[in-house]
Amino acid sequence: MLESPASLSRLRRRVARIEGTRVSSGPARFATGHAAIDAWLGGGLARGRLHEVMAGDSEDAGSLSGFAAMLALRIDAGKPLLWLRTEAAERRAGKLYASGLGEIGLHGGDLILGLLGDDAALLKAANDAARCAGLGALVVESWGEPKPLDLTATRRLMLAAEASGVTVLLLRGEARESPSVADTRWRVSSAPSIALAADAPGPPAFDLELLRRRAGPAGRRWRVEWNRERRAFQPLDGQALSGAVLPLAAG
């Protein structure tokens, strides 16, 4: 049966809308709150992906944990955060400090902590958890360069994240860069904060370096601080002063 010109025109418009949606659609993103970083990333970091965060050196374990907690708050504050770590990571980085986490806006009721005996158990639990769509975010924290954490392991985590929509943050303390399918890879180091009035400690501050990005160029650096009221990162301006490090791990 022949279609009328009007029917064909409507059909073409419907197809064009569908195709346009397919072309323009991409991964949903969450903004960091830092305008320059979000612009560089095309609106923020991709949800439902694996993102890798490395410490600048062995002294930056607190910054690694702090940055991850703050980033997790930007992903989905309405759902619980599951934090999985090995016993080795807890020994080296210290236990998560409830008061310090509360100071950045992460409250105890929002966090579920899992402590695993070794890296094999950590990755098994992480693969299972990454499939749970009820999570707001999943933090997976290891230390050193565990053999089980190879290219295949990161691919499994990425596939699980893509299937469920859960954003996975893979934290690596005292580790070198290695092959990974992570959507982005960051290096975080502590930075001196700016004191508030009466020399009160300022907000926590970080030096961030985007080491790798699958969807575009990397190699950029930013110095940022955390705004607790906005629950967002922002540029660190003014004269930096020494000290003022927010404790996120208990010694």
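The values are calculated or read from the model by the stated rules, or taken from the named source; none is laboratory data. On a predicted model such as this, the values are computed, not experimentally measured, just so you know. Methodologically, a virtual Cβ is constructed for each residue, glycine included, from the backbone with ideal geometry; neighbour enumeration extends over all protein chains shown. To get the accessible areas, we keep the full protein, side chains included, count just its heavy atoms, and leave off ligands, DNA and RNA. Shrake-Rupley method; radii C 1.70, N 1.55, O 1.52, S 1.80 Å.
Among the residues of the stretch 1-39, what is the count of those that are modelled with pLDDT under 95 and part of a helix (DSSP H, G or I)? Final tally of qualifying residues: 20. Checking the structure you have, find out if any residue of the stretch 163-177 is within 15 Å of the chain's Cα centre (by Cα), within 23 Å of residue 138 (Cα to Cα) and open to solvent by 20 Å² or more (accessible area, probe 1.4 Å). Checked against the condition, which is being within 15 Å of the chain's Cα centre (by Cα), within 23 Å of residue 138 (Cα to Cα) and open to solvent by 20 Å² or more (accessible area, probe 1.4 Å), the stretch 163-177 yields at least one hit.
Restricting the first member to the stretch 126-144 and to residues that are more than 12 Å from residue 72 (Cβ to Cβ), and the second to residues that are of a type in the set (Asp, Glu) and at pLDDT 95 or above, the beta-carbon pairs closer than 9 Å and six or more apart or on different chains are 142/119; 143/119; 144/119.
Can you say whether residue 104 is among the β-branched types (Val, Ile, Thr) and open to solvent by 40 Å² or more (accessible area, probe 1.4 Å), as far as the supplied structure shows? No; evaluated as a whole, the condition is false for this residue. Residue 43 meets the stated requirement of being outside any helix (DSSP H, G or I), out of contact with any helix residue (DSSP H, G or I) (no Cβ under 9 Å at 6 or more places or on another chain), modelled with pLDDT of 90 or more and surrounded by fewer than 22 Cβ atoms within 10 Å (Cβ to Cβ). Taking the stretch 181-208 as the range and being in a strand (DSSP E or B), open to solvent by 10 Å² or more (accessible area, probe 1.4 Å) and in contact with a Lys or Arg (Cβ under 6 Å, 6 or more places away or on another chain) as the test, the residues that pass are 185, 207.
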